[in-house]
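Remarks on the structure that follows.
The values are calculated or read from the model by the stated rules, or taken from the named source; none is laboratory data. All values derive from a computational prediction rather than experimental measurement. Cβ atoms come from the backbone with ideal geometry, glycine included; neighbour counts cover every protein chain shown. The protein model used for the area step is the full one, side chains on, heavy atoms only, and it has no ligands, DNA or RNA in it. Shrake-Rupley method; radii C 1.70, N 1.55, O 1.52, S 1.80 Å.
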Amino acid sequence: MVIMKTAQDLLNAERCALFMVDKEKGELWSTLAQGAGEIRIPMTKGIAGHVAKTGEILNIPNAYKDARFNSAIDKKTGFHTRNILCMPMRNTEGEIIGVSQVINKIPEIKSFNKEDEMLLMAFSALAAVTIEKSVLFKALHVTLQETSKTKNFLSKILQNITDVVLTFDSQGKMTTINRPETLGLHQIMPKIKTSSYEEWLGLENQTMISDIDRVRNQKNLDLAVIAHDYEFYMNGIVKNVNYTIVPLEEDIDEKSSDQSSMSHGAVVVIQDISSEKRINNTLSRYMSPALVHQVLSDGASTLKGSRQKNTVMIANIRNFTALSETMDAQDVISLLNEHYTYIFNSITQEQGVLDKYIGDAVMGVFGLPFASENDAERAISCSLKIKEELEKMNQKNDIRGLPVLKMGIGIATGVCLSGTMGAPKRIEYGIVGESVNLAMRLELATKTYGSSVIICDRTREDTKNSYHLREIDKLVVKGRVRPVTIFEVLGPIDMDLTHDQMTSFICYELGLAEYRSQNWQTAIAHFRKAVQLTADQPAQTMMERCKQIIEGVYKVSNTWDGSWQ
């Protein structure tokens, strides 16, 4: 398949393979296994079998170290498999119909990475749609070759098919059409009935005419043409369509008297995707291509409104208004655009949705429109990528004489409403709910405590096994009955903490416990030790707060629960 060969080239892979599911036999069989011919394997064995059964994406850097790898194929073909990237292909109903696989990243020292996963996901989705359509049209082709009675019966069925289906005889004249109004063909039906397709399709549709010619003029009946996102012109209107053209062999008594003609009839199936493309273009502003494809594949009903758990991230540049007043207007816009670009890329790389820009702040959502168990983890991973990219940008700014930026990021997990919202002429995809408000409050808290990334307790519960986190404080948030315990993100769980850092964090915990017991002087001593060890900003904040409570700047009752407003 051309699609998979292109995927192989773009991913720099030595080989690619495409396995189709044979449900009746419980097997996978290859339609493309270069140099190996047809291969059949049980769905219970091997990497491809595991993916077909579970639907998991597998990226295996060393195939022979993976117990699921079936080395029998290598032994049979003499090929040596080093690494494998394998993922499921699903039809429009979400069923797994096959498995795509690329083998051996080139050069040998490399393995497949996350970018490769995204590319293969896109190509696999395209391959699945192509295969599904191909099966449908082959079945239609067989049906159309049956008796005239069957054809008459089929013409009635076609009225219930949403795609436009046209059949042409060996002279190139249309014999049937089910929905002429879909493409505006009903306005020229008299011309269509009396002339060949070359005349009424016109010069604007020369590509489609050429494809029909190729199918009709072939010697054998094995060529089918499939085109995606084609601009179809008719009566001054342009529609985006997908089309498939397959040959139609007429009955002997239906052929023209000119038996020397090699032309066949043809079936053309046209799918109007204009509305789908508009949705695609809109969603692409907010989410990755893979996520857009999933939305369109699973049905756009999710866009109309849903209530579900997700994780919201608010990233905001600190004191940007004051900074921008000292800069040239064009420099400000250029700086913001560069800043927005790496944030957008970081969000989409983690399968998040860029919900909106709020001045110099950006809001990303994870678990929208489809929730998953690791949404909170992906939100934190995104925040760490943003921190890393900001450091790179600041190094450039220092060289260019531009101000160094500081950022605060708040992350909150909760239940929200999502869907397309707004006036008819300005509809956008968005989200509202408790996690949005809380994420904004947590982003403001980063400035108070001097932390880069602060999360809420629900986010911490979903991520405590993946990241180093430490409790900072309890906050009273407007609109919530209970105080929210907040945590600072230190880094991934495999990050090594220094001795001073660990000691500093322990001092902070001790100080926090004394603070909540209203032992202000003891708390100050612990916080001071944390500051001395690592210049800990949250400890500095808490030490100053304790001093102000002692001085009477803040009043705390005897029944105080340790939360701060």
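In region 331-352, the residues that are on the phi > 0 side of the Ramachandran plot reach residues that are part of a helix (DSSP H, G or I) and surrounded by fewer than 22 Cβ atoms within 10 Å (Cβ to Cβ) with C-beta atoms within less than 7 angstrom, at least six apart or across chains, in these pairs: GLN351/LEU291; GLN351/ARG378.
Determine the pairs where a residue that is closer than 19 Å to PHE527 by Cβ, located within region 488-502, has a partner that is among the hydroxyl-bearing types (Ser, Thr, Tyr) and open to solvent by less than 60 Å² (accessible area, probe 1.4 Å) with Cβ atoms under 6 Å apart, the partner being 6 or more residues away or on another chain. Final answer for the pair search is GLU488/SER451; ASP500/THR534; GLN501/THR534. Taken together, the residues in region 477-486 that are more than 14 Å from GLU443 (Cβ to Cβ) and surrounded by 13 or more Cβ atoms within 10 Å (Cβ to Cβ) amount to 3. LYS396 fulfils the conditions (1) open to solvent by less than 10 Å² (accessible area, probe 1.4 Å); (2) of a type outside the set (S, T, N, Q); (3) in a helix (DSSP H, G or I) except for a single criterion, (1). Scanning region 312-326 for residues that are in contact (Cβ under 8 Å) with a residue 60 or more places away in the chain and surrounded by fewer than 20 Cβ atoms within 10 Å (Cβ to Cβ) gives ARG318, ASN319, LEU323, THR326.
So, in region 48-69, of the ones that are in contact with a Gly (Cβ under 8 Å, 6 or more places away or on another chain) and open to solvent by less than 50 Å² (accessible area, probe 1.4 Å), which residue ends up modelled with the lowest pLDDT?
Only one residue fits best here, namely PHE69.
Pairs are defined by a Cβ separation below 9 Å, a sequence spacing of at least 6 or placement on different chains, a first member in region 182-209 that is of a type in the set (Lys, Arg), and a second member that is modelled with pLDDT under 90 and in a helix (DSSP H, G or I); no pair meets this definition. Just the residues that are open to solvent by 10 Å² or more (accessible area, probe 1.4 Å), part of a helix (DSSP H, G or I) and among the polar types (S, T, N, Q), please, taken from region 327-382. Across region 327-382, the qualifying residues are GLN330, SER334, ASN337, THR341, ASN345, THR348, GLN349, SER381.
Tallying residues that are closer than 12 Å to ALA17 by Cβ, in contact with a Ser or Thr (Cβ under 7 Å, 6 or more places away or on another chain) and polar (S, T, N, Q) within region 81-116 yields 2.
Output the number of residues of region 443-455 satisfying the condition of being touching a Lys or Arg at 6+ places or on another chain (Cβ under 9 Å) and outside any loop (DSSP other than H, G, I, E, B).
In the first step, residues of region 443-455 are kept if they are touching a Lys or Arg at 6+ places or on another chain (Cβ under 9 Å); the result is 446-447, 452-453.
Still in the list and also outside any loop (DSSP other than H, G, I, E, B): 446-447, 453.
Residues meeting the conditions: 3.
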